[in-house]
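In what follows, a structure is listed as structure tokens, so that the remarks can point back to it.
Any read-out appearing in this document is the output of simple, stated calculations on the displayed coordinates, not a laboratory observation. For clarity, every value in this text was computed on a predicted model and none was experimentally measured. Because the Cβ atoms are built from the backbone with ideal geometry, glycine has one as well, and the counts that use them run over all protein chains shown.
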Amino acid sequence: MDLKIGYFGPFNPRHYRSRVIIKGLRKNGVEIIECNDQSTSRLLRYIKILEKQRKLDYDVIILGARGEYYGQPLVPLMRTITKKPIVFDAVIALYETEVVDRRLVDHKSIKARALYLLDYYAFKNSDLVLADTYAHARYYSQFYYIELNKFRKLPVGSDDEVFYPRITKEEKDHFLVMFWGGFAPLHGVSYIIKAAKILAPHRDIRFELRGYGQTYNEALALARSLDVENVTFIPKWVPYEKFPNYVAKADVCLGIFGGTEKALRVIPTKAVESLAMKKPLITGDSPAAREILRNGENCLLVPMANPKALADAILILRDDKKLRDKIAEKGYELFKKKLNPKAIGKELVSILSELSEKFR
């Protein structure tokens, strides 16, 4: 079926979710009509997008939350001006992110109620909702009282033209364990630092933590209080296209380990990027992780919020090159089969074709 997909919103086209979906759909022969606006005022962005869409021809519209842009307000507005099917990409839910995970907003506050309602009306007014995991789909369904059959799973992917295996010729005398991300609570950086402290007697093991965010200062203070010497913090921003050159130097890559509710419902982008670069991955064990990952086969899964288990897993991989190579290879095979743009696009085409048929 030939589909014309309207991909709408003041989104950042370089954001991982946008670039993977757009590239993936195009690799599957789908015509994408992008309706974007980057006006300084957020309100003006929404207004201009609503004006632009009236002149466009499409079969299905995708709205979502990507980067600094949240698509929730657009969904009910679009519902009033189009009869075409609306797909809401719920890769970011406002209430879950700001209230449940980051705890930046008090759950009893008016703002928390407003965030909940923005999410709720986006779910309610869409014809179909994309969730990154089944765990998230079940949570959204129960928390927002939305029928589960409205949800479809579309995993987080990674751009295989940016993140791909590289051979580094750099000689080093240490075993490098790398984490990168926005230091959100679900990342559990404090547990990585405590694991590093446990591994301090192993002088060859070094940790590199790249990124900056909510828990960065807290993590830095913890490292100092524990007198951790085997961890290097690198908050400096690196261009997306160049970042894989740094990941290529790692012997092991880390996912997430936070003891938060959301940590149990996500498979982080950093984990998929690690698989894409054929790097051995260690991440927290969760219902979401087990949807695609297999412990001892394409990664090592460890209990969440458990620095001792994480430290033990790092030692296992340091001492067993055969296992390192095996899970790196199997992880890369998983990425090539299910998590690259073309595979993500193929899955989304199937979802959108089914939806489009219902409206014919």
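Proximity of backbone amide H atoms, modeled 1.01 Å from N, is registered between Glu31 and Leu3, Ile5 at under 5 Å, excluding neighbours fewer than 5 places apart on the same chain.
Rounded to whole numbers, the Karplus 3J(HN,Hα) couplings from phi for segment 2-18 are 7, 10, 10, 9, x, 9, 10, x, x, 7, 8, x, 8, 4, 3, 5, 5 Hz, using 6.51 cos²θ - 1.76 cosθ + 1.60 with θ = phi - 60°, and x at Gly and Pro. Cβ-to-Cβ counts within 10 Å put Val91, Val266, Val228 in ascending order as Val228, Val91, Val266, the fewest first.
For the chain, the longest principal axis of the Cα atoms and the long axis of helix 307-319 meet at an angle of about 70 degrees. Phi-derived couplings, Karplus 6.51 cos²θ - 1.76 cosθ + 1.60 at θ = phi - 60°, listed residue by residue for segment 128-136: 7, 10, 8, 10, 6, 9, 5, 4, 5 Hz, with x used for Gly and Pro. Between the C-alpha center of segment 229-274 and that of segment 103-166 there is a gap of 22 Å.
When Arg318, Arg206 are sorted by how many other C-beta atoms sit within 10 angstrom of their C-beta, beginning with the fewest, the order is Arg318, Arg206. Among the listed pairs Lys197/Lys308; Lys197/Lys249; Lys23/Lys279; Lys279/Lys326, give every one whose C-alpha distance is greater than 20 Å. In this structure, Lys197/Lys249; Lys23/Lys279 exceed 20 Å between Cα atoms.
With both bridge residues required to lie in the chain, what share of the DSSP beta bridges run antiparallel, to the nearest 5%?
5 percent
Of the GluC sites (Glu not before Pro) found in segment 1-94, those in coil by DSSP whose Cβ has at most 11 other Cβ atoms within 10 Å are Glu68. Based on C-alpha pairs under 8 angstrom that are at least 6 apart in sequence, the chain has a relative contact order of 18 percent. In this structure, the amide hydrogen of Cys299, modeled 1.01 Å from its nitrogen in the peptide plane, lies closer than 5 angstrom to those of Arg294, counting only residues at least 5 positions away or on a different chain. Under 5 Å between amide hydrogens, built in the peptide plane, is the criterion, and for Val60 it picks out Lys4, Gly6 among residues at least 5 positions away or on other chains.
Mind checking the angle between helix 321-334 and the chain's longest principal axis? C-alpha axes, 0 to 90 degrees, to the nearest 10. Helix 321-334 and the main axis of the chain meet at about 10 degrees.
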